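Derivation of every value follows stated rules applied to the coordinates shown; laboratory data play no part. Keep in mind the model is a prediction, meaning the values are calculated, not measured. We place every Cβ from the backbone using ideal geometry, glycine too, and count neighbours over all the protein chains shown.
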Amino acid sequence: MSTTTAEQAESWSSEQVGEPPFGDEPLTAELRAERAARARVAAARLAAEGVEGVILGWVDNAGLARVKTVPVRRLEQAAAWGVGAAPSFDVFLVDDSITTSRHIGGPAGDLRLIPDLGRLTRLAAQPGWAWAPADRYAQDGTVHPGCQRRFAQRMIHAARLRGLDLRAGIEIEWVVALADAPEQPPVYPTHGPAYGLHRLVDLSDYLRDLLHAFDEQGLSVLQLHPEYAPGQFELSLAAQGPLGAADTTVLARQTIRAVGRRHGLRTSYAPAVEPGGVGNGGHLHLSLWREGRNLAQGGPGPYGLNGEAESFLAGVLAELPALLALGAPSPASYLRLLPQRWAGAFQCWGMENREAALRLIPGPPGEGAGSANAEFKCFDAAANPYLLLGAVLAAGLTGVDARRALPAETCDDPALLPEGEVPRLPGTLAESVAAYRTSGVLREAMGDPLYEAVLAVRLGEIELFAGHSPEQLAAATRWRY
Ligand code: GLU
Ligand code: MG
């Protein structure tokens with residue numbers, strides 16, 4: 001359960017808004033030389049700090065973080081020319097089987113992983129390692145059309161062209177189990193009550209080390225607490241520009257996993273660790289800004305929303321069934337996305353309504369202009385954060401362009417209202433995929449190669465898990481994310 005604290009409000013308003021604009025510029029010889037020079041300096045610094053290897057990471061369309069690594073002395077070469085990776089990674093499924101798609105797939109071809117040196121981070125819980133998120137290019141230096149991170153950058157740029165900036169943060173929920181016990185069924189290291197002090201005492205050293213690792217890596221934690229499900233915790237991070245928020249999500253998850261290993265714990269971000277229980281959400285908080293002003297306040301719309309912010313949120317709300325194919329991307333996501341689990345299973349909005357997919361958060365009165373934000377609760381931790389943020393931007397900007405208005409507010413628990421009064425979001429991945437298939441907004445924004453590769457992965461996983469019981473589905477995905 002998230003709250004808006006004074007500290008969160010502060011960070012929402014005082015941090016720099018967004019990243020520099022990015023289009024689809026190819027890597028020229030000049031850019032390669034510039035990168036090499038920067039990497040040389042960075043590599044020398046990292047080596048002096050004891051770093052041996054650098055992880056170049058990306059997230060695939062199934063939502064899994066994949067990596068290649070280089071010795072630190074090869075960073076300069078990697079920054080200029082990249083590291084090879086097969087395009088078929090775009091059609092990997094959650095169980096590592098490989099499908100194919102209309103534009104991408106098959107054994108031929110090579111892409112280059114190019115690290116973003118701006119995010120190069122020495123890893124606190126993996127001594128001797130550093131990490132950087134990678135963009136994917138073709139060998140000739142043009143951007144790979146299937147690159148999810150570049151898609152997010154294109155959408156940030158599209159917002160910039162309208163004078164708009166998004167600030168975002170993804171809440172991280174996870175479950176820990178004992179690493180030296182059998183994987184199935186999980187054995188939890190604490191049996192304390194939900195949100196209970198017990199759990200904090202049982203895992204005190206682990207949680208302290210987490211805070212320390214986040215701090216060392218420059219990640220600004222707002223809050224950390226035991227969550228509802230057995231072995232479950234949650235951590236929220238300060239809002240950033242969308243690309244920074246997606247990178248931070250990847251780094252945060254890797255850090256939590258690594259700290260866990262050092263404490264004999266196995267980490268799961270699966271949407272449903274136990275079928276029938278509360279799952280791992282990946283709630284997306286966002287606010288829209290123009291010229292340094294938060295558009296969630298002081299406007300004529302509901303609760304002071306400015307017209308553009310209302311239209312942006314209305315655009316995302318309308319597109320949610322299709323967006324779930326990106327934000328709730330696994331068949332297992334639908335074991336989580338159920339009414340009365342605070343997962344936001346209804347396509348509606350409400351002020352501080354935790355059963356609405358879109359929860360408006362005004363922030364305590366007088367807390368400052370930065371604190372108001374909106375939370376999309378229906379997304380989970382299996383989502384590729386780059387795809388999700390890019391797609392949410394695309395849907396929101398479509399709403400802005402069409403001057404969409406929000407529908408009537410839902411103030412109560414939609415599950416208790418007469419059936420059909422509030423639309424239920426898709427109940428299966430197949431339903432979300434059906435909406436995705438008719439989404440002109442997403443197809444146009446993502447471009448055919450990326451759009452089709454995602455579709456192929458979703459269809460592949462629907463087939464993979466067809467006929468699985470909820471228990472089998474949860475067991476098959478529990479330790480993959
Ligand atoms: N774990 C819940 C989910 O699946 C969310 C609980 C909360 O509101 O933080 O989204
Ligand atoms: Mg939570």
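Data overview
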| read-out | value |
| --- | --- |
| Dipole axis of region 400-481 (+1 Lys, Arg; -1 Asp, Glu on Cβ), positive-most option in 425, 442, 469 | 442 |
| Sorted by Cβ density within 10 Å, fewest first, the residues 473, 324 | 473, 324 |
| Rg over Rh [alpha-carbon atoms, Kirkwood Rh] for region 114-271 | 1.03 |
| Two-site FRET efficiency, residue 215 against residue 67, from Cβ-Cβ distance with R₀ of 25 Å, rounded to 0.05 | 0.60 |
| Relative contact order (%) - region 314-362, alpha-carbon pairs under 8 angstrom, separation at least six | 24 |
| Karplus 3J(HN,Hα) series, Hz, for region 210-216 with 6.51 cos²θ - 1.76 cosθ + 1.60 (x for Gly, Pro) | 4, 4, 5, 5, 4, 4, 4 |
| Phi to ³J(HN,Hα) by Karplus 6.51 cos²θ - 1.76 cosθ + 1.60 over region 307-312, Hz, x for Gly, Pro | x, 5, 5, 4, 5, 4 |
| Amide H partners (placed H, <5 Å) of residue 54, local residues excluded | 70, 72, 130 |
| Debye, to nearest 20: dipole size of region 386-452, +1 on Lys, Arg Cβ, -1 on Asp, Glu Cβ | 240 |
| Student exercise, the chain dipole from Lys, Arg, Asp, Glu Cβ charges, in Debye to nearest 20 | 1040 |
| The chain - percent relative contact order, Cα under 8 Å, separation 6 or more | 19 |
| Rh by Kirkwood over Cα pairs, then Stokes-Einstein D for the chain at 1.567 mPa s and 4 °C, µm²/s | 57 |
| Gain on full stretching of the segment that runs from residue 204 to residue 102 - 0.36 nm per residue minus C-alpha separation | 31.7 nm |
| Share of pairwise Cα separations in region 31-166, more than 24 Å, in percent | 36 |
| Equivalent ellipsoid dimensions for region 197-310 as semi-axes, Å, which come from the Cα gyration tensor, largest first | 32, 18, 13 |
| Long-range HN-HN contacts of residue 227 with modeled amide H, under 5 Å | 195, 232, 233, 234 |
| Computed over region 97-153, Kirkwood Rh from alpha-carbon pairs, angstrom | 13.4 |
| Alpha carbon convex hull of region 268-422, projected area averaged over orientations, nm² | 9.5 |
